[in-house]
Amino acid sequence: MSQYYSIAIDGPAGAGKSSLAKALAARLGFLYVDTGAIYRTVGLYVARQGGDCGKLEEVLPRLPEIELSLRHGDDGQQHMLLGGEDVTEAIRENAVSRYASQVSAHQPVRDFLLDMQRELARQHNVIMDGRDIGTVVLPQADVKIFLTASVEQRALRRCRELEARGQAVDLETLKKEIAQRDYDDSHRAAAPLRQAEDAVVLDTSQLDLQQSLEALLTLVKERLPL
Ligand code: DC
């Protein structure tokens with residue numbers, strides 16, 4: 001048994017996982033681990049090397065050469081490092097979402113990243129967000145939340161987020177991309193996105209960030225002696 005607490009937050013893209021997990025981590029003093037950022041960094045690396053992220057034979061030989069690390073700043077912000085380069089911003093490009101989804105469908109990529117994720121939970125109280133945290137990475141997590149929202153709401157949120165970064169996107173295109181990514185993430189053979197049997201579902205379609213955070217805090221406090 002780990003002496004640390006772990007909270008697993010899984011769910012589809014744009015459900016508010018990262019904003020909420022980050023805010024919750026700050027409130028509880030836990031380490032926030034964004035596992036999507038790790039897959040994004042692998043996708044960015046392979047794409048930069050000219051590899052096709054959808055082809056295992058182009059991804060696999062590149063895994064041992066990736067110098068991937070994760071660092072938390074004093075503000076609790078997670079930074080992704082590729083070699084010496086901080087790619088925290090670069091991995092948020094819209095194209096990288098697709099590369100991440102593609103590399104994440106390969107089981108050897110998932111195996112390659114498993115230890116790194118588990119090690120963080122062995123050493124810290126963590127709130128980890130992703131797709132398979134409650135089912136595969138931390139099946140013994142103390143609290144499991146499955147966070148979701150309608151495709152419309154998620155597309156709207158992603159649209160605002162990208163606009164705030166100065167990236168113009170079409171809402172309808174985003175909706176299609178999100179629906180496609182949901183389908184791909186939940187129908188792949190390797191660790192498909194699914195709710196753990198013992199996860200609590202929180203649908204944030206009708207909730208703003210503050211209301212969602214309060215709902216999450218209540219769920220966690222009911223389950224952990226904090
Ligand atoms: O959460 P995100 O959108 O940054 O994740 C990027 C991609 O990585 C997404 O398509 C699903 C995949 N992913 C995964 O397969 N397993 C995780 N634990 C986290 C992300």
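Flag: Arg160 does not match the condition of being more than 11 Å from the ligand (Cβ to nearest atom), without any contact (Cβ under 8 Å) to a residue 60 or more places away in the chain and touching a helix residue (DSSP H, G or I) at 6+ places or on another chain (Cβ under 8 Å). Going through (1) among the acidic types (Asp, Glu); (2) surrounded by fewer than 19 Cβ atoms within 10 Å (Cβ to Cβ); (3) within 16 Å of the chain's Cα centre (by Cα) one by one, Glu197 falls short only on (3). Just to verify a result, which residue in the range 126-154, among those that are assigned to a helix (DSSP H, G or I) and away from the ligand (no atom under 13 Å from the Cβ), is least open to solvent (accessible area, probe 1.4 Å)? Out of the qualifying residues, it is Val151.
Considering (1) within 16 Å of Ile127 (Cβ to Cβ); (2) modelled with pLDDT of 95 or more; (3) surrounded by fewer than 24 Cβ atoms within 10 Å (Cβ to Cβ); (4) within 13 Å of the ligand (Cβ to nearest atom), say which one Tyr4 fails and leave the rest. The failed condition is (4).
Scanning the range 96-113 for residues that are within 30 Å of Gln3 (Cα to Cα) and surrounded by 14 or more Cβ atoms within 10 Å (Cβ to Cβ), we see that the one that is farthest from the ligand (Cβ to nearest atom) is Phe112.
Quick one: count up the residues across the range 200-226 that are of a type in the set (Val, Ile, Thr) and surrounded by fewer than 16 Cβ atoms within 10 Å (Cβ to Cβ). Selection size over the range 200-226: 2. Within the range 27-85, the residues that satisfy the criterion of being on the phi > 0 side of the Ramachandran plot and free of Cβ contacts under 8 Å to residues at least 24 places away in the same chain are Gly50, Gly83.
State whether the residues of the range 172-192 include one that is closer than 18 Å to Thr35 by Cα and in contact with a strand residue (DSSP E or B) (Cβ under 7 Å, 6 or more places away or on another chain). No; the residues of the range 172-192 include none that is closer than 18 Å to Thr35 by Cα and in contact with a strand residue (DSSP E or B) (Cβ under 7 Å, 6 or more places away or on another chain). Within the range 66-88, track down each residue that is modelled with pLDDT under 95 and of a type in the set (Asp, Glu). Asp74, Asp75 - these are the residues of the range 66-88 that are modelled with pLDDT under 95 and of a type in the set (Asp, Glu).
For first residues located in the range 186-205 and of a type in the set (S, T, N, Q), partners that are not in a loop (DSSP other than H, G, I, E, B) and lie 6+ apart or on another chain with Cβ distances below 6 Å form the pairs Gln195/Phe146; Thr204/Ser212; Ser205/Gln153. Residues that are more than 12 Å from the ligand (Cβ to nearest atom) and in contact (Cβ under 8 Å) with a residue 24 or more places away in the chain were ranked within the range 163-185; the one that is most open to solvent (accessible area, probe 1.4 Å) is Arg165. Every condition in (1) away from the ligand (no atom under 11 Å from the Cβ); (2) more than 30 Å from Ala168 (Cβ to Cβ); (3) part of a strand (DSSP E or B); (4) in contact with a Lys or Arg (Cβ under 9 Å, 6 or more places away or on another chain) is met by Arg71 except one, and the failing one is (4). Within the range 13-58, restricting attention to residues that are in a loop (DSSP other than H, G, I, E, B) and open to solvent by less than 10 Å² (accessible area, probe 1.4 Å), which residue is farthest from Arg122 (Cα to Cα)? Among them, the one singled out is Cys53. Residue-level check: of (1) over 23 Å from Ala215 (Cα atoms); (2) crowded, with 16+ Cβ neighbours inside 10 Å; (3) of a type in the set (D, E, K, R), Asp10 misses just (1). Entry remark, the range 86-95: residues being surrounded by 20 or more Cβ atoms within 10 Å (Cβ to Cβ) and outside any loop (DSSP other than H, G, I, E, B) number 1 in total.
The values are calculated or read from the model by the stated rules, or taken from the named source; none is laboratory data. Remember, predicted model here, so these are calculated numbers, not experimental data. Neighbour counts run over all protein chains shown; Cβ positions are idealised from the backbone, glycine included. Calculation scope for accessible area: heavy atoms of the full protein, side chains included, ligands and nucleic acids excluded. Shrake-Rupley method; radii C 1.70, N 1.55, O 1.52, S 1.80 Å.
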